[in-house]
Amino acid sequence: ELTTQSEELTKQGETLKAYGEDQEKLKNEVTELCSRVEALEKTTQPLNLRIVLDEAREKLLNYFNLDANDYIGRSDDLVTMVQTHLSEAKNPYNPQHIPNAAHLLAPGHLDMIFKTSDGDLAAHEVLAEAVLTAALSPGDRQKMVDIFTYTHGVPPTHRKAASNAS
């Protein structure tokens, strides 16, 4: 009977050891996944900010019936036009009244919305990196590189390579 108990204890000890090894593997996997999630969050944050700015720009352009194409290369004129409309929209008797317009959207806000910013540059870098690292066939990757080059006027480069070049 002691031999049976000893064998049972040995078996349970081996099982516990295996559980401990599995737990260590899982802990390492969780650590790796957390690192990957953190890296993804850093990658997507500029894009999310860019989306907010794009939505604000579209909302203002639509609200005041403006076409950004009329102001290509003249972002200062577009900002001035939106500021003018916002000033008029502060008046509660104006049919285009926007409550809290002056408080919510000061000139600095409009510059961020309508002018090239760090958000644009960060988003541009993230998009370039995505084009170069996405799981695509070689043919599809080349198509994405061509589309990116057409859209941005330059081919995509890896952020690390671009940083090291400076």
In region 53-75, which residues are surrounded by 12 or more Cβ atoms within 10 Å (Cβ to Cβ) and part of a helix (DSSP H, G or I)?
LEU53, ASP54, ALA56, ARG57, GLU58, LEU60, LEU61, TYR63, ALA68, TYR71, SER75
So in region 31-65, with the set limited to residues that are within 19 Å of THR133 (Cα to Cα) and of a type in the set (Ser, Thr, Tyr), which one is modelled with the highest pLDDT?
SER35
Selection status of TYR63, touching an Asp or Glu at 6+ places or on another chain (Cβ under 9 Å) and more than 29 Å from HIS158 (Cβ to Cβ)
no
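Tell me, yes or no, whether region 13-28 has at least one residue that is in a helix (DSSP H, G or I), open to solvent by less than 100 Å² (accessible area, probe 1.4 Å) and under 29 Å from ALA134 (Cβ atoms). Before you say what the answer is, go through the steps one by one.
Here is the first cut: in region 13-28, the residues in a helix (DSSP H, G or I) are 13-28.
Subset that is open to solvent by less than 100 Å² (accessible area, probe 1.4 Å): 13, 15, 18, 20-22, 24, 28.
Filter once more, so that each one left must be under 29 Å from ALA134 (Cβ atoms): 28.
The answer is yes; a qualifying residue exists.
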May I ask you to verify whether SER87 is out of contact with any Lys or Arg (no Cβ under 9 Å at 6 or more places or on another chain), of a type in the set (S, T, N, Q), open to solvent by less than 70 Å² (accessible area, probe 1.4 Å) and at pLDDT below 80?
yes
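Would you call ALA68 modelled with pLDDT under 75 and aliphatic (A, V, I, L, M)?
Values: modelled with pLDDT under 75: no; aliphatic (A, V, I, L, M): yes.
Judged against the criteria, ALA68 is not a match.
Please go through region 29-52 and pick out each residue that is more than 16 Å from ILE113 (Cα to Cα) and either in contact with a His (Cβ under 7 Å, 6 or more places away or on another chain) or open to solvent by 90 Å² or more (accessible area, probe 1.4 Å) (or both).
Pass one, region 29-52, residues more than 16 Å from ILE113 (Cα to Cα): 29-45.
Selection gives GLU29, GLU32, LEU33, ARG36, GLU38, LEU40, GLU41, LYS42, GLN45.
The values are calculated or read from the model by the stated rules, or taken from the named source; none is laboratory data. The shown structure was predicted, so the numbers you read here are calculated from the model rather than taken from an experiment. Cβ atoms come from the backbone with ideal geometry, glycine included; neighbour counts cover every protein chain shown. Note: areas computed on protein heavy atoms with side chains; ligands, DNA, RNA excluded. Shrake-Rupley method; radii C 1.70, N 1.55, O 1.52, S 1.80 Å.
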